[in-house]
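Step one of this worksheet: look at the structure below.
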Amino acid sequence: MTTNSDRPLGYLLHSEGELLEVAERAIAYARTIGAEAASALASENAGTTMKVRDGSAFSAIRDGGHSLSIAIFDQGRAGQASTQALDRKTVEQTVEMALAIARQVEPDSDAGLADPSWLAIDTPDVNLFAPAGRDPDELLSAALEIEAAAVERGRAVGADIRVDEAAAMS
(Lines give C-alpha, C1' and ligand atoms only; values in the text may rest on other atoms or scores of the structure.)
Protein backbone atom coordinates (compact mmCIF):
# COMPACT_ATOMS: atom_id res chain seq x y z
CA MET A 1 0.00 0.00 0.00
CA THR A 2 1.46 3.33 -0.98
CA THR A 3 0.46 6.24 1.21
CA ASN A 4 -1.37 9.26 -0.11
CA SER A 5 1.03 12.11 0.61
CA ASP A 6 -1.77 14.69 0.66
CA ARG A 7 -3.49 13.57 3.85
CA PRO A 8 -2.71 11.65 7.04
CA LEU A 9 -3.72 8.01 7.22
CA GLY A 10 -5.52 6.32 10.08
CA TYR A 11 -4.86 8.02 13.37
CA LEU A 12 -1.69 9.84 12.35
CA LEU A 13 -1.66 13.63 12.50
CA HIS A 14 0.65 14.34 9.56
CA SER A 15 0.73 13.04 6.01
CA GLU A 16 3.86 11.68 4.41
CA GLY A 17 3.97 14.85 2.31
CA GLU A 18 3.78 17.10 5.38
CA LEU A 19 6.63 15.24 7.08
CA LEU A 20 8.72 15.45 3.91
CA GLU A 21 8.07 19.20 3.77
CA VAL A 22 9.26 19.62 7.39
CA ALA A 23 12.51 17.77 6.61
CA GLU A 24 13.05 19.71 3.38
CA ARG A 25 12.37 23.02 5.14
CA ALA A 26 14.93 22.14 7.83
CA ILE A 27 17.59 21.33 5.23
CA ALA A 28 16.86 24.51 3.27
CA TYR A 29 17.11 26.61 6.42
CA ALA A 30 20.40 24.92 7.35
CA ARG A 31 21.84 25.98 4.00
CA THR A 32 20.45 29.50 4.45
CA ILE A 33 22.30 29.95 7.75
CA GLY A 34 25.59 28.66 6.39
CA ALA A 35 25.73 24.88 6.73
CA GLU A 36 27.62 23.11 3.95
CA ALA A 37 25.30 20.09 4.01
CA ALA A 38 22.50 18.59 6.07
CA SER A 39 20.42 15.45 6.43
CA ALA A 40 17.01 15.42 8.13
CA LEU A 41 14.39 12.87 9.12
CA ALA A 42 10.84 13.77 10.12
CA SER A 43 8.75 10.88 11.41
CA GLU A 44 5.56 10.04 13.24
CA ASN A 45 4.26 7.00 15.12
CA ALA A 46 1.05 6.12 16.88
CA GLY A 47 -0.62 3.19 18.55
CA THR A 48 -3.24 1.87 20.93
CA THR A 49 -2.68 -0.36 23.96
CA MET A 50 -5.41 -2.21 25.85
CA LYS A 51 -4.51 -3.69 29.26
CA VAL A 52 -6.55 -6.12 31.32
CA ARG A 53 -6.38 -7.38 34.87
CA ASP A 54 -8.53 -10.07 36.48
CA GLY A 55 -10.68 -10.44 33.36
CA SER A 56 -11.50 -6.74 32.99
CA ALA A 57 -10.07 -3.83 31.07
CA PHE A 58 -8.20 -1.41 33.30
CA SER A 59 -6.29 0.72 30.83
CA ALA A 60 -6.77 1.97 27.28
CA ILE A 61 -4.02 4.18 25.93
CA ARG A 62 -3.77 5.94 22.59
CA ASP A 63 -0.29 7.37 22.20
CA GLY A 64 1.98 8.67 19.54
CA GLY A 65 4.50 11.25 18.65
CA HIS A 66 6.38 12.95 15.90
CA SER A 67 9.92 14.25 15.65
CA LEU A 68 12.55 15.85 13.51
CA SER A 69 16.21 14.89 13.68
CA ILE A 70 18.79 16.88 11.75
CA ALA A 71 22.50 16.34 11.16
CA ILE A 72 24.47 19.34 9.92
CA PHE A 73 27.92 19.22 8.36
CA ASP A 74 30.10 22.30 8.25
CA GLN A 75 33.85 22.67 7.69
CA GLY A 76 34.54 18.99 8.42
CA ARG A 77 32.46 19.07 11.58
CA ALA A 78 29.09 17.49 12.40
CA GLY A 79 26.33 18.51 14.77
CA GLN A 80 23.01 16.83 15.48
CA ALA A 81 19.84 18.00 17.18
CA SER A 82 16.24 16.84 17.38
CA THR A 83 12.84 18.10 18.42
CA GLN A 84 9.37 16.74 18.93
CA ALA A 85 7.74 19.99 17.81
CA LEU A 86 7.37 20.49 14.09
CA ASP A 87 6.32 24.13 13.92
CA ARG A 88 8.49 26.46 11.82
CA LYS A 89 10.05 28.38 14.73
CA THR A 90 11.06 25.26 16.67
CA VAL A 91 12.43 23.55 13.55
CA GLU A 92 14.56 26.62 12.83
CA GLN A 93 15.82 26.71 16.44
CA THR A 94 16.72 23.02 16.19
CA VAL A 95 18.65 23.60 12.97
CA GLU A 96 20.49 26.52 14.61
CA MET A 97 21.34 24.29 17.57
CA ALA A 98 22.75 21.57 15.32
CA LEU A 99 24.88 24.12 13.46
CA ALA A 100 26.13 25.60 16.75
CA ILE A 101 27.12 22.11 17.90
CA ALA A 102 28.91 21.43 14.60
CA ARG A 103 30.90 24.63 15.00
CA GLN A 104 32.03 23.64 18.52
CA VAL A 105 33.40 20.16 17.84
CA GLU A 106 36.72 19.08 16.40
CA PRO A 107 36.90 18.47 12.66
CA ASP A 108 36.43 14.88 11.52
CA SER A 109 37.66 13.89 8.08
CA ASP A 110 34.82 11.38 7.83
CA ALA A 111 32.05 13.85 8.74
CA GLY A 112 29.70 14.58 5.89
CA LEU A 113 26.99 13.13 3.73
CA ALA A 114 27.63 9.80 2.06
CA ASP A 115 28.78 9.85 -1.55
CA PRO A 116 25.59 9.52 -3.64
CA SER A 117 27.12 6.59 -5.55
CA TRP A 118 27.03 4.59 -2.31
CA LEU A 119 23.29 5.10 -1.81
CA ALA A 120 20.44 2.90 -3.00
CA ILE A 121 18.41 5.47 -4.94
CA ASP A 122 16.25 3.15 -7.04
CA THR A 123 14.45 1.04 -4.43
CA PRO A 124 11.21 -0.95 -4.33
CA ASP A 125 8.04 0.84 -3.25
CA VAL A 126 7.41 -0.41 0.29
CA ASN A 127 4.67 0.32 2.79
CA LEU A 128 5.59 3.33 4.87
CA PHE A 129 2.37 3.05 6.83
CA ALA A 130 1.51 -0.43 8.00
CA PRO A 131 -1.23 -0.34 10.63
CA ALA A 132 -2.20 -3.55 12.37
CA GLY A 133 -5.82 -2.77 11.59
CA ARG A 134 -7.06 -3.88 15.00
CA ASP A 135 -9.68 -1.74 16.68
CA PRO A 136 -9.88 -1.32 20.50
CA ASP A 137 -12.49 -4.09 20.86
CA GLU A 138 -10.20 -6.54 19.05
CA LEU A 139 -7.26 -5.46 21.20
CA LEU A 140 -9.32 -5.92 24.38
CA SER A 141 -10.35 -9.39 23.25
CA ALA A 142 -6.71 -10.31 22.49
CA ALA A 143 -5.54 -9.03 25.90
CA LEU A 144 -8.24 -11.06 27.66
CA GLU A 145 -7.19 -14.16 25.68
CA ILE A 146 -3.55 -13.60 26.64
CA GLU A 147 -4.45 -13.30 30.33
CA ALA A 148 -6.66 -16.41 30.20
CA ALA A 149 -3.94 -18.42 28.42
CA ALA A 150 -1.35 -17.44 31.05
CA VAL A 151 -3.66 -18.47 33.90
CA GLU A 152 -4.55 -21.73 32.14
CA ARG A 153 -0.89 -22.53 31.53
CA GLY A 154 -0.20 -22.02 35.21
CA ARG A 155 -2.98 -24.44 36.11
CA ALA A 156 -1.67 -26.98 33.57
CA VAL A 157 1.69 -27.09 35.33
CA GLY A 158 0.16 -27.08 38.81
CA ALA A 159 0.96 -23.46 39.65
CA ASP A 160 -1.47 -20.97 41.13
CA ILE A 161 -0.49 -17.80 39.33
CA ARG A 162 -1.93 -14.32 39.17
CA VAL A 163 -1.36 -12.26 36.08
CA ASP A 164 -0.63 -8.68 37.09
CA GLU A 165 -1.62 -7.40 33.66
CA ALA A 166 -1.89 -8.55 30.06
CA ALA A 167 -1.84 -6.24 27.08
CA ALA A 168 -2.38 -6.13 23.34
CA MET A 169 -1.08 -3.29 21.17
CA SER A 170 -1.65 -2.01 17.69
| Val157 is checked against (1) out of contact with any Phe, Trp or Tyr (no Cβ under 8 Å at 6 or more places or on another chain); (2) surrounded by 10 or more Cβ atoms within 10 Å (Cβ to Cβ) and fails just one. What number does that condition carry? | (2)
| message | Please determine whether any residue of region 124-140 is in a strand (DSSP E or B) and either in contact with a strand residue (DSSP E or B) (Cβ under 9 Å, 6 or more places away or on another chain) or modelled with pLDDT of 90 or more (or both). | response | no
| request: Any chance you could count how many residues in region 36-53 are surrounded by 15 or more Cβ atoms within 10 Å (Cβ to Cβ), under 12 Å from Ile70 (Cα atoms) and among the hydrophobic types (A, V, I, L, M, F, W, C)? | output: 4
| field | Residue satisfying condition, being modelled with pLDDT of 90 or more, open to solvent by 50 Å² or more (accessible area, probe 1.4 Å) and on the phi < 0 side of the Ramachandran plot, within set Gln93, Gln75 | value | Gln93
| What is the one condition in (1) in contact (Cβ under 8 Å) with a residue 40 or more places away in the chain; (2) out of contact with any Phe, Trp or Tyr (no Cβ under 6 Å at 6 or more places or on another chain); (3) not in a loop (DSSP other than H, G, I, E, B) that Ser69 does not satisfy? | (1)
| request: Might you let me know whether region 74-85 holds any residue that is part of a loop (DSSP other than H, G, I, E, B) and of a type in the set (D, E, K, R)? | output: no
| query | What about Ser82, is it open to solvent by less than 80 Å² (accessible area, probe 1.4 Å), at pLDDT 90 or above, within 28 Å of Glu44 (Cβ to Cβ) and within 23 Å of the chain's Cα centre (by Cα)? | reply | no
| said: Yes or no: region 60-67 includes at least one residue that is in contact with a Pro (Cβ under 7 Å, 6 or more places away or on another chain), open to solvent by 50 Å² or more (accessible area, probe 1.4 Å) and small (Gly, Ala, Ser). | reply: yes
| field | Criterion violated by Glu44 - all others in (1) out of contact with any helix residue (DSSP H, G or I) (no Cβ under 9 Å at 6 or more places or on another chain); (2) at pLDDT below 95; (3) assigned to a strand (DSSP E or B) satisfied | value | (1)
| Pairs, please: C-beta under 7 Å, at least 6 apart or cross-chain, first residue under 20 Å from Ser56 (Cβ atoms) and in region 151-170, second acidic (Asp, Glu)? | Gly154/Asp160; Val163/Glu147; Ala166/Glu147
| Among the residues of region 20-33, is any part of a strand (DSSP E or B) and either farther than 30 Å from Ala166 by Cβ or modelled with pLDDT under 95 (or both)? | no
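The values are calculated or read from the model by the stated rules, or taken from the named source; none is laboratory data. On a predicted model such as this, the values are computed, not experimentally measured, just so you know. Glycine gets a Cβ as well: all are built from the backbone with ideal geometry, and neighbour counts include every protein chain shown. Side chains are part of the model used for accessible areas, which takes the heavy atoms of the whole protein and leaves out ligands, DNA and RNA. Shrake-Rupley method; radii C 1.70, N 1.55, O 1.52, S 1.80 Å.
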